[in-house]
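Accompanying notes for the structure given below.
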Amino acid sequence: MGSLGASQFVDLLVGGIAVGCVYSLVALGFAMIMRATSIIHFAQGELMMLGAMCGLTSLWLLPVLPLILVVAVGMVSSGIIAVMMELFVYRTLRRRRVPIMNIITATVGMSILCINAARIIWGSEPLRFPELFATTAYEFGGVRISPQLFWIMVMAVAIMGGLQLFLKLTRSGIAMQAVAQDPEAAQLMGANLTRMMAYTFAISGMMAGAAGIMLGSMFFAFFEMGFITGLKAFVAATLGGLGSIAGAMLGGILFGLIETFSTVFLSSAYKDAIGMILLIAILLVLPSGLVGLWQRRR
Amino acid sequence: MTISPDPAAARIGATRWVTLLAVAALIVLPWLEADRFVLHVFSLIAIASIVAMGLQLLLGCSGQLSIGQAAFYGIGAYTSALLTTKLGLPFPLALLGAGIVAAVASLLMVPITRLTGAYLAVATLGFSIIVYLVIKNEEWLTGGSYGFISIPRAALFGFVLRDPMYSYYVNVGVAAIVYLTFVRIQGSRFGRAVNAIREDPDAARACGLRVTLLKSECFVIAAFVAGLAGSLYAHEVRYLAPNDFTFWKSIEILIMVVIGGVGSLAGAILGAAVVVGLPEFLRGIGDYRMLVFGAILIATMLFGEGGLAAICTTLGRRLGGLVTRLTPKPAGTNESVQ
Amino acid sequence: MRTGSAHEPWLLEARSLTRRFGGLLAVDGVDLSVGRGSVHGLIGPNGAGKTTLLNLVAGVYGVSSGTLHFGARDITRYSTAKRARAGIRRTFQNLKLFGEMTALENVALGLHADTCSGFFDAVLGTPRHRREERDIRDRSMEALRFVGLGGIAAMRAGALAYGHRRLLEIARAIVARPALLLLDEPAAGLNVNEAAHVSELIARIRDAGTTVILVEHHMDVVMRVSDEITVLNYGRRLAHGTPTQIQEDPDVIEAYLGRSLENESAQA
């Protein structure tokens, strides 16, 4: 407590943005799925956790694996799992025109399934990632940043940037956006609904998988890591404006900063409570998020 | 007398026999079953079913998905423990106090009842996490992670209920009272209003119903009931730890209601029996418990949400049909409509 | 045409009602005065803003500007439920019944605001509870018989035929004897006989003392039963007057693209 030194401030800032990037990636998944299907995907955090676990497992099998490939493994495995969830469960539920609350309950069930499967496969102990980054700090004009946080931020920005390019410039990306806005019209224009939904889940999974590797390497991986982080990413997505992709990215970083800086004032035991209180406050006061606020001002 | 002679009432005729049989069986059980462990498990099932019935009121009747009931369960448990140990209050007062404190705490949720659907669900989850953190961190009050120990057994008028058989009757008795209470409100003005806001809140508003007020009332009732259950739990197991009241507990309660069948009170009891009873009676399932329940949750959503209650009703109807076809009918039976 | 008592000629008075949706002006400065004990028709081509206007009166949408007076009260800021309790009831274009409840229970909900026994009354079975339940049952049956549905009180609302569901929604709306009844296309999807029954029902509702605002596309229903008609086009009031005046109004005829209006009134 008390006043903040300059370097302490920078540390908090960098740390906040880095963890915020992680939240952004998961929040993006929430936003995309929400836009396409109107459901809150409770198992999103678990996709992140499974990405972390699979990436870690690949490192156990091939310790010399470079960082890029580890991230790729995480992304691909989460992407595949997400697509399987969609194809085997969610799509069937939608086809049966089951009420939305039931689909959401099913995602809760999926979340429980994933968490407990992970516990059985990988055990309940937290698992450390081996050193993936250099240890000496980088220096930028007098400011020192740990390489880990630096590369995490770079990767996250690259992935999010890549996503934006994909959505705006490729046929599939544009088709996905069309499907999210108006599924029937998009279908009439030739978009394959099933494939687009699968892509949506695949991309959301991939984002989450990357986030899992990053978070896992920053702290550690364990079977329950997806639950509370997923919940916080949901808060971030809501803060930015649920259903908005830009909002998810903005909300994630903002939430990361809020959470990190609040540990200065609050005991770390209640750190998770910040997110929950913020969530309830947003839902009550500003349900359409910051993006909604911005749109209203126009 | 109520004005709701719905088609389900015909079902009640048949299930009245089933209910009477079940009640008789429950009363007689302790005399037949000497194993105190079994009675203890039934007590736990009864306690869980109380919380589940409260959630049923929220979810099945008023249509509000709350994944935060464990918060009120925990508040009730710790309140009762505190009232009996620190203040020396007798058990019946502590039981009531637990319910009241939980109900008052639920008033904090009143602003949240404005929300709907998944947003409400997430808000209740957030609330439940906050309560869990408070329970875990405020050691001076709750003992924190060290737990709350040496909670006295339930005692009625100075008579300590040492034998599990006596606490069994108390727990099952309270569960029965809660069940009867909720059954009674079904055909009433309150019950109709609650069902209306689930089916179509806009139409309900057009009839002049105060939707948010009704939703809040349901929350308070469900919280009170969860608080009662928490108190019973505290005096049954006599040791409380924060890990008993995490969001996992809230999700377990949801599983009970979903497995049993959303909208069915008896289903909540069946669901509680499965979720609490199965792991106790099938020790092998232990580790895989939640995995199985997660899968059942998904399966129930995929294959029809009637849950166990619907399965039982269908079985009952088929059996009843069979019986009707086999027995000769008296002449001139006519089902009057109104 | 009855226009009401001396000190409050209009039961409902809307002044310069406007409602925007983003850039779209759905209702643009509409004035509407509805006299007590009258049936006021609201017609116009598709997209003219009739249902939006009705929803503004019902409180489903808030006004972007303008005022709304109900009797002596300014209800512009009232919520839907508050207006319902004040005596404004409605039916819905797309039928919003409580499908899983019986017809009787649906109508009973119309009386919720008139009664007050709550959770504890129900649990304890107090005399007040029993008295109110009896009262609700009697009045609900009366409303069902009034619309012609006396025989199906115990049937599940979702299982009823379409025409009966329309009548049921009206029964639910009138059971509390509201001062003002808003009907949103009550004859939609009905055949000629059913539509005629609805016209006759609306007339009986008016004669029983309820004022009615009627949005309808069935011209024979509107022309037959309305005392006064307001025509909307592009969100603005195009014309208002008696049915005869409206049928002869050249602007109205033009808005509906020619002779169709004359033909329909000739058949009515």
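None of the figures in this text is laboratory data; all of them are computed from the coordinates on show. In this text, all values refer to a predicted model and were calculated from it rather than measured experimentally. Cβ placement follows ideal geometry from the backbone for every residue including glycine, while neighbour counts extend to all protein chains displayed.
Note on the protein assembly as shown: antiparallel DSSP beta bridges, both residues inside, total approximately 65 percent of the bridges counted. Residues B:Tyr119, C:Tyr234, ranked from the fewest to the most other C-beta atoms within 10 Å, line up as C:Tyr234, B:Tyr119. One chain, two ends: C:Asp207 and C:Leu124. Fully extended at 0.36 nm per residue, the span grows by 25.8 nm beyond their Cα-Cα distance. Of the peptides A:88-99, A:160-171, B:212-223, the order by per-residue mean of other Cβ atoms within 10 Å, starting with the highest, comes out as B:212-223, A:88-99, A:160-171. Among C:Leu160, C:Leu181, C:Leu56, the residue with the largest mean-square fluctuation in a Gaussian network model of chain C, with springs joining Cα atoms closer than 10 Å, is C:Leu160. Scattering from segment B:79-189 was approximated by placing one identical point on each alpha carbon and applying the Debye formula without solvent; log10 I(q)/I(0) at 0.11, 0.18 1/Å stands at -0.54, -1.15. Distance from the Cα centroid of segment C:78-141 to that of segment C:10-44 is 29 Å (rounded to whole angstrom). Rounded to the nearest 20, the size of the Cβ-charge dipole of the protein assembly as shown about its Cα centre is 720 debye, with Lys and Arg at +1 and Asp and Glu at -1. A simple charge model with +1 on the Cβ of Lys and Arg, -1 on the Cβ of Asp and Glu and nothing else charged puts the dipole of segment A:106-210 at about 80 debye relative to its Cα centre.
Projected onto planes of every orientation and averaged, the convex hull of the alpha-carbon atoms in segment B:33-244 covers 12.1 nm². Magnitude of the charge dipole for segment A:1-160, about its Cα centre and with charges confined to Cβ atoms of Lys, Arg (+1) and Asp, Glu (-1), is about 800 debye. Of interest is the spacing of the C-alpha centroids, which for segment A:140-178 and segment A:228-298 amounts to 20 Å. Compactness ratio for segment C:98-177: Cα radius of gyration over 2.2 N^0.38 Å (N = residue count) comes to 1.10. Ordered by the count of other Cβ atoms within 10 Å of each Cβ, fewest first, A:Ile174, C:Ile213 give A:Ile174, C:Ile213.
Dipole orientation for chain B: of the candidates B:Thr246, B:Ile151, B:Tyr73, B:Tyr73 has the Cα lying most toward the positive pole (charges on Cβ; Lys, Arg +1; Asp, Glu -1).
Cross-link pairs exceeding 28 Å between alpha carbons, from the set B:Lys86/B:Lys136; C:Lys50/C:Lys82; A:Lys232/B:Lys249; B:Lys249/C:Lys96; C:Lys50/C:Lys96: B:Lys249/C:Lys96.
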